[in-house]
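Input: a single structure, listed below in structure tokens.
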There are 2 protein chains.
Amino acid sequence: MTSEMRQRMANAIRFLSADAVEAAQSGHPGLPMGAADIATVLFTRFLTFDPKTPDWPDRDRFVFSAGHGSMLLYSLLYLLGYGDIDIDEIKRFRQLGAKTAGHPEYGHAAGIETTTGPLGQGTGNAVGMALAERILNAHFGDDVVNHFTYALVGDGCLMEGICQEAIALAGHLKLNKLIFLWDDNGITIDGKVSLADSTDQLARFEACGWQALACDGHDHDAIASAILTAKASDRPTLIAAKTTIGFGAPNKAGTNKAHGSPLGADEVAATREALGWPHAPFEVPSDILDQWRIAGLRSSVRRKEWETRFAAVDAETRGEFERRMRGDLPSGFIEAMHRFKRQMNEKQPKVATRKASEMALEEINAVVPETIGGSADLTGSNNTRTSQTRPIAPGDYSGRFIHYGIREHGMAAIMNGMALHGGMIPYSGTFLTFADYCRGALRLSALMGIRVIHVMTHDSIGLGEDGPTHQPVEHLASLRAIPNMLVFRPADAVETAECWQLALQSRAAPSILALSRQSLPTLRLDEHDENKSARGAYEISPASGEAQVTIYATGSEVEIAVAARAKLEATGTPTRVVSVPSFELFRRQTSEYRRALTDDDSLKVAIEAGIRQGWDELIGRDGIFIGMTGFGASGPAPELYAHFGITADALVAAVNARLAETQVADED
Amino acid sequence: MTSEMRQRMANAIRFLSADAVEAAQSGHPGLPMGAADIATVLFTRFLTFDPKTPDWPDRDRFVFSAGHGSMLLYSLLYLLGYGDIDIDEIKRFRQLGAKTAGHPEYGHAAGIETTTGPLGQGTGNAVGMALAERILNAHFGDDVVNHFTYALVGDGCLMEGICQEAIALAGHLKLNKLIFLWDDNGITIDGKVSLADSTDQLARFEACGWQALACDGHDHDAIASAILTAKASDRPTLIAAKTTIGFGAPNKAGTNKAHGSPLGADEVAATREALGWPHAPFEVPSDILDQWRIAGLRSSVRRKEWETRFAAVDAETRGEFERRMRGDLPSGFIEAMHRFKRQMNEKQPKVATRKASEMALEEINAVVPETIGGSADLTGSNNTRTSQTRPIAPGDYSGRFIHYGIREHGMAAIMNGMALHGGMIPYSGTFLTFADYCRGALRLSALMGIRVIHVMTHDSIGLGEDGPTHQPVEHLASLRAIPNMLVFRPADAVETAECWQLALQSRAAPSILALSRQSLPTLRLDEHDENKSARGAYEISPASGEAQVTIYATGSEVEIAVAARAKLEATGTPTRVVSVPSFELFRRQTSEYRRALTDDDSLKVAIEAGIRQGWDELIGRDGIFIGMTGFGASGPAPELYAHFGITADALVAAVNARLAETQVADED
């Protein structure tokens, strides 16, 4: 192929992008125009993929971390012949219902490997995909999994702290099949990068164990040469490809004016002139489109070779790989969970739910080989490591446990990447209060609807002496607020197992398990296989007669609710206790079921060692809430519960006071 | 002083710490024992402070970033003679009500410059303090402000992404009076740092524009020499002080067993033996205590010199500096706000509230010289820069605007540090959705109760085409969930000015201003000076008669509520609209006031382009909510409002359907 043809192929990206932004009167033309050469080289000469079988498991992964330049990706998908993005979708860029959303959204079209936009997330996703590749490679061998992961990253991605967390782990683990292509254009929204940053990025990446290369991002051969060097490295590689943002636009190129708004009709016309592109908007000359389509077919050969290799693998391994990639759980899973629950019913352990989680995981990890555990340096506190999960180490990816380091945000984004890669179910651990540190990545897991599971322990003031910085108060509410996020707070070992089962079965929503530091008795003594936690809320302790009081509780406060019930019953007040392990699942129940639990005439009380926000949905404005109204304090846990009035006695007193009031009112 | 005496002084820290942890049966002995030598050198030979005048404005700042080792700080404060921490407080370590909380808490005792514990936050705080120092120095001169900022940081602080954001900005801005002392002990909770990290930290800091030094963290002279070199640098400095965690403990030193649990009676006894410390728990021999107390008096000379210099400054400057350090607003402030509101009443602009915020800021910044603006690379979108606020640049700190770069978490932590330093009111900007990225630091600002103001624009699906990654949906709820955080969502230019006034007047709580991207009409046409937003909620549009319907709304949805009211009134349904700029302030009103707005018999409707969570507090379970139930979408804003049913027509239809139902029920 001539270098002129390569240049014209890149220009096709430039004008599709500029014209789509112009049509939408909204969007980011600068990045696609600047990075078009990088993308052309990568997609026509290196990336292994197949537009006609886009979900081929051993394809190279391409993460478009600088998601605001989405038209680059859409242009590529259209030009290469991915079926989901045709020219009409390009024309509908940023319109309601289009696959070509403002930022690339996972699930909208094949070829979009992850949702990006919030900067830096893609760097973590790419590390996760590269790590997943190595883990699967260690298990299934070179014939089945052996591919590269590329990420196109911008200045903003590199400035975000999440990127540091991700690259440090990638460098430590020597993920040498990971390559970052940095669109080094020196421009951000506010102007020059030098307004806010003087970092020597190459030196920084080298300090983190990466190979770092630099090249002219408009010189196709230089880009190709850098990628070749990167592919041969024993370390991950950063390629700083120096580019001009808005390349080709005579007046706006190289400035922040090209970043985030349409160039304007005049400037687009001038760009056509400057780059010698006489074609109408959205028109790609057939010789160029043909070359792109040929590039699209280029690596179908590789896919076919892979298929041949894969067919030669033994049937059992093949079946196991396919099961994992489909995301189906193994057949023995349900029975193992039932067995475990029966054991808990029998033994009735008094353990913290974090310990119960470890016990459940010991069973789960024995039968579900695709779980990959981890912790952000709280392994012994989160109890996420079991006998089966040897740590993954630099160069040895045969383990099943990741020491993520003290990097919560990176961890969550890496887990997203692992789940997106497929073939594994990542779960991890940190303290619930540090959900705040990884919320950006948590939200994206919910938006994408992927199966990641976060074990978040020390879930209340019950953690005691570490004090208010470490005591979650508003976190249950703030996590329940995230759409499509399953927040579980189990009350005992039985519920913990049930919630783990639900989290593992949840293929289209991430889960958070909020678990106690302190020991809790087994409260679920009914022996059967039904997963009651799947209801979201259920009566765990019935009233002796028609309930005059209903107490709703979660997690460690169910024990207190049950104690309060006993006291109320003893003084002649029929009281039932409803355990609420998941607000989200309760909302999915039939209205009959929900009404039976919330719409009777009983006095409604909720107890949770967090804030009230969200509870009115169950107890109404007039319900009594026993919980927190502000931050916690440092002290032994039992003293804190007494200090903040989260006790059976306080609950009983509040109920009796209200019942007395009501009686007086009735008598009036 | 002999080196033996220095060693014994350090041992005093070690045993106070180990014994306090032992008494509490909870805590972290390893860091204080490991970093005792660093702290001894710093506090006895370098740090400028005065235990008897701990709030002396030009003292050096010491940030204890690795907050879990809190006993190091408490030991120092006791030994140096700070009045708040006596030996009884040391004995009550981690007990409910003690000043010696599990992690250092700002406000508990003089000498605790910031609340730390969540790792990495202290690095941002220290950068903020060092930046504040330079800004005040540029304004008030060397005679008034000229001090160093030191931070003791651990491995965990360095791994957190927030640290990268903070150090990159510090290096860029050449904050040469900032010195990080890294307790380089190679151990984290899970074990060796090498389990999860291989970063060459010195090279990484150098890549970020820092000087990086290494020394033996148990060699007092080596530490002193490094600090001297650091003080002479034209760049910020990292000193990697190689230490042994749990120094002196014969069996646990150098391992993670010394990190986060009591050493145990036997090991403490063995440590006494090993270090030659025959004294009883909490007993510090008088010769050692004397030496510490002398060290405490060491720099009172410096304070007196400063006082002499300060007294020689002209009275006006002195008064201004004192006003700023007290945190009082200047006398012209209120009048300027009234004047601005009257202008808005008159002009009735139709502008986005982000634009209204810029207009208000133009007035505020003219009369309040201590505001320091900024943005995380969204200056033109957040509208946080006004004519008065020239950017701060490397070596030139005379400006009033900070280009924070794409570093939301770092920005928020740096702002916390600036506010803690005193003398300025930091405000900044990002998109509301990226509140998720800085939540760790937001929470700490609320816990500490400090005045930082976050302008968070593009506060709903109203941002349009950027799509769901950029559209806040759950963010208002999740931010309102944070205790002691004021979340404002003004409806028009008048309310925006009122909310700015409240945020600036809020000395003990941080504020978030959620502002629209899209234009909104001026709705508040009543001309008077009362700050109605201070009520949290108030009737902005009364019903024609006794209200049959009450519509509660915030921000951009108040316009829709007012339009719906007009339609309902036109068909004979008396309807009032209540604007709710702040849930938190509404909760502070008298019960009479609150009842008047929420406890009448009208049908309750709320409209907000976010989720329902939290609204039941006003409208009850039976109230109608018009808003979002899931993530947004990419498309033009008006189409999105229609698509998600957040319109006057949808509201009216829902109300009419409910009224018809109720009527049928009444007739039954």
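Table for the structure above
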| item | result |
| --- | --- |
| Residue in segment B:170-192 that is farthest from A:Glu165 (Cα to Cα), counting only those that are within 7 Å of chain A (Cβ to nearest Cβ) and surrounded by 24 or more Cβ atoms within 10 Å (Cβ to Cβ) | B:Gly171 |
| Matching helices (runs of 4 or more DSSP H) fully within segment B:607-668 where at least 3 residues are of a type in the set (Asp, Glu), more than 10 Å from chain A (Cβ to nearest Cβ) and surrounded by fewer than 22 Cβ atoms within 10 Å (Cβ to Cβ) | B:648-667 |
| Residues (surrounded by fewer than 19 Cβ atoms within 10 Å (Cβ to Cβ), charged (D, E, K, R) and more than 30 Å from the chain's Cα centre (by Cα)) located in segment A:531-580 | A:Glu539, A:Glu546, A:Lys567, A:Glu569 |
| Residue list for segment B:121-134, restricted to those being within 14 Å of chain A (Cβ to nearest Cβ) and in contact with a His (Cβ under 8 Å, 6 or more places away or on another chain) | B:Gly124 |
| Some residue of segment A:413-423 being surrounded by 24 or more Cβ atoms within 10 Å (Cβ to Cβ) and within 23 Å of A:Gly555 (Cα to Cα) | no |
| Wholly within segment B:242-349, helices (runs of 4 or more DSSP H) carrying at least 2 residues that are under 30 Å from A:Leu463 (Cα atoms) and aliphatic (A, V, I, L, M) | B:265-275 |
| Subset of segment A:449-484 that is more than 10 Å from chain B (Cβ to nearest Cβ) and assigned to a helix (DSSP H, G or I) - its residue that is surrounded by the most Cβ atoms within 10 Å (Cβ to Cβ) | A:Ile461 |
| Failed item in (1) farther than 21 Å from A:Ala130 by Cβ; (2) within 14 Å of chain B (Cβ to nearest Cβ); (3) of a type in the set (Gly, Ala, Ser), with A:Ala253 passing the rest | (2) |
| Residue ID - surrounded by the fewest Cβ atoms within 10 Å (Cβ to Cβ), chosen from residues in segment B:352-398 that are part of a helix (DSSP H, G or I) and within 14 Å of another protein chain (Cβ to nearest Cβ) | B:Gly380 |
| Helices (runs of 4 or more DSSP H) wholly inside segment A:148-238 that include at least 3 residues being modelled with pLDDT of 95 or more and farther than 30 Å from A:Ser261 by Cβ | A:161-172, A:201-207, A:220-231 |
| Qualifying residue in segment A:135-144 (condition: at the interface with another protein chain (Cβ under 9 Å from one of its Cβ atoms) and either outside any helix (DSSP H, G or I) or modelled with pLDDT of 95 or more (or both)) | no |
| Pairs where the first residue, in segment B:84-109, is within 11 Å of chain A (Cβ to nearest Cβ) and more than 18 Å from B:Ser26 (Cα to Cα) and the second is surrounded by fewer than 17 Cβ atoms within 10 Å (Cβ to Cβ) and at pLDDT 95 or above, C-beta under 8 Å, 6+ apart | none |
| So A:Asp492, is it among the acidic types (Asp, Glu) and out of contact with any Lys or Arg (no Cβ under 8 Å at 6 or more places or on another chain) | no |
| Matching residues in segment B:288-310 - criterion: being touching a helix residue (DSSP H, G or I) at 6+ places or on another chain (Cβ under 8 Å) and not aliphatic (A, V, I, L, M) | B:Gln291, B:Trp292, B:Arg293, B:Gly296, B:Arg298, B:Phe310 |
| Those residues of segment A:193-234 which are among the charged types (D, E, K, R), more than 8 Å from chain B (Cβ to nearest Cβ) and either touching a strand residue (DSSP E or B) at 6+ places or on another chain (Cβ under 8 Å) or buried (at least 16 other Cβ atoms within 10 Å of the Cβ) (or both), in sequence order | A:Asp216, A:Asp219, A:Lys231 |
| Residue list for segment A:235-257, restricted to those being surrounded by fewer than 19 Cβ atoms within 10 Å (Cβ to Cβ), out of contact with any strand residue (DSSP E or B) (no Cβ under 6 Å at 6 or more places or on another chain) and of a type outside the set (Ser, Thr, Tyr) | A:Pro250, A:Asn251 |
| Answer residue from segment B:54-69, given it is small (Gly, Ala, Ser) and farther than 29 Å from B:Val301 by Cβ and is farthest from the other protein chains (Cβ to nearest Cβ) among those | B:Gly69 |
| Helices (runs of 4 or more DSSP H) enclosed by segment A:1-95 - at least 2 residues per element that are among the charged types (D, E, K, R) and surrounded by fewer than 24 Cβ atoms within 10 Å (Cβ to Cβ) | A:3-24, A:87-91 |
| Selection within segment B:399-425 - facing chain A (nearest Cβ under 9 Å) and of a type in the set (Val, Ile, Thr) | B:Ile402, B:Ile406 |
| Residues that are closer than 27 Å to A:Gly120 by Cβ and of a type in the set (Ser, Thr, Tyr), drawn from segment A:50-71 | A:Ser65, A:Ser70 |
| Among (1) more than 24 Å from B:Thr389 (Cβ to Cβ); (2) under 13 Å from the mean Cα position of the chain (by Cα), the one test that B:Pro510 misses | (1) |
| Residue ID - farthest from B:His279 (Cα to Cα), chosen from residues in segment B:3-28 that are of a type outside the set (Gly, Ala, Ser) and touching a Pro at 6+ places or on another chain (Cβ under 7 Å) | B:Gln25 |
| Qualifying positions in segment B:591-606 - more than 12 Å from chain A (Cβ to nearest Cβ), outside any helix (DSSP H, G or I) and either buried (at least 20 other Cβ atoms within 10 Å of the Cβ) or under 33 Å from the mean Cα position of the chain (by Cα) (or both) | B:Leu603, B:Val605, B:Ala606 |
| Qualifying residue in segment A:86-96 (condition: in contact with a Gly (Cβ under 8 Å, 6 or more places away or on another chain) and either modelled with pLDDT under 95 or closer than 18 Å to A:Asp155 by Cα (or both)) | no |
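Conditions (1) out of contact with any Asp or Glu (no Cβ under 7 Å at 6 or more places or on another chain); (2) closer than 22 Å to A:Ser75 by Cα; (3) touching a residue at least 24 places away in the same chain (Cβ under 8 Å), marked per residue:
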residue: A:Thr237; (1), (2), (3): yes, no, yes
residue: A:Thr244; (1), (2), (3): yes, yes, yes
residue: A:Pro262; (1), (2), (3): no, yes, yes
residue: A:Glu267; (1), (2), (3): yes, yes, no
residue: A:Val301; (1), (2), (3): yes, no, no
residue: A:Ala312; (1), (2), (3): yes, no, yes
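The values are calculated or read from the model by the stated rules, or taken from the named source; none is laboratory data. Since this is a predicted model, take the numbers as computed values, not measurements. Counting neighbours? That spans all protein chains shown, and the Cβs are built from the backbone with ideal geometry, glycine included.
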